[in-house]
Amino acid sequence: MSSAEDQKRAVGEAAAALVEADMVVGLGTGSTAAWFVKALGARGLAGLTCVATSQATAELASSLGLKIAELGETRTIDLTIDGADEIGPGLSLIKGGGAALLREKLVWEASKRCVVIGDAAKQVPLLGRYALPIEVVAFGHKTTADRICDVLAEFEIGVAPRLRVTDAGPVRTDNGNLIYDAACGRIEEPAALGAALKSLTGVVEHGLFLDLADRALIGTDGGVITVEP
């Protein structure tokens, strides 16, 4: 029986095989995306330009000899490969466990094609068991959290969002913002919830990625399977 790490490595390598020379490629963030970046570096394709979704990914890619450009400095991104915290029905996703959701969404929305990769445990029948990350401006963030609470209550989600902290203090994104995590349990109406959260002053972005993934590669005990939306 393969471990989650074996599955992540397998999907990372399968995703790297989708990349062709001279492409502009979006590089995701997180443990699964890191396997993809390593596999892509090992392929040594000519003419690649990569757009990274975080400082950590940019540093990894540069260390492997991949050329990094800023978003907006290149032509349209041909293909973005990224992981997810949950892969639900219709390839609806929760992302942001690595605190890179804003940059990830900017890169995803600037891409012709997006492929999400994950181990078998990431595939779920309904989104929401994984806490939904919400990126907020640091100024007045407690007030914003109260507003988020009100929105969650409208969707009959009775939990207060929790500020993400480590031993070093509140987690800061690459953009200097904070992350609140909402343990929703079940998200019955992801599109409506996402729109309501995005409308709040102080909320920069949320981790619901809807109608963005064109394909999923899932690592299983029997190998990598492809899922279409």
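Odds and ends about this structure:
- Restricting the stretch 204-220 to residues that are assigned to a strand (DSSP E or B) and among the small types (Gly, Ala, Ser), the residue that is nearest to Ala145 (Cα to Cα): Ala216
- At least 2 residues being among the charged types (D, E, K, R) and in contact (Cβ under 8 Å) with a residue 24 or more places away in the chain is the threshold, and among the strands (runs of 3 or more DSSP E) wholly inside the stretch 81-194 those reaching it are 111-119.
- Residue ID - nearest to Lys8 (Cα to Cα), chosen from residues in the stretch 186-196 that are over 17 Å from the mean Cα position of the chain (by Cα) and surrounded by fewer than 23 Cβ atoms within 10 Å (Cβ to Cβ): Arg186
- Evaluation of Leu66 against (1) aliphatic (A, V, I, L, M); (2) crowded, with 19+ Cβ neighbours inside 10 Å; (3) in a strand (DSSP E or B) (one fails), failing number: (3)
- Yes/no for Ala213 being over 13 Å from Phe155 (Cβ atoms) and surrounded by 18 or more Cβ atoms within 10 Å (Cβ to Cβ): yes
- Filter result for the condition that a residue is surrounded by 24 or more Cβ atoms within 10 Å (Cβ to Cβ), modelled with pLDDT of 95 or more and on the phi > 0 side of the Ramachandran plot, over Gly47, Gly12, Gly30: Gly30
The values are calculated or read from the model by the stated rules, or taken from the named source; none is laboratory data. Being a predicted model, the structure only gives us computed values, none of them experimental. Every residue, glycine among them, receives a Cβ derived from its backbone with ideal geometry; neighbour counts consider all protein chains shown.
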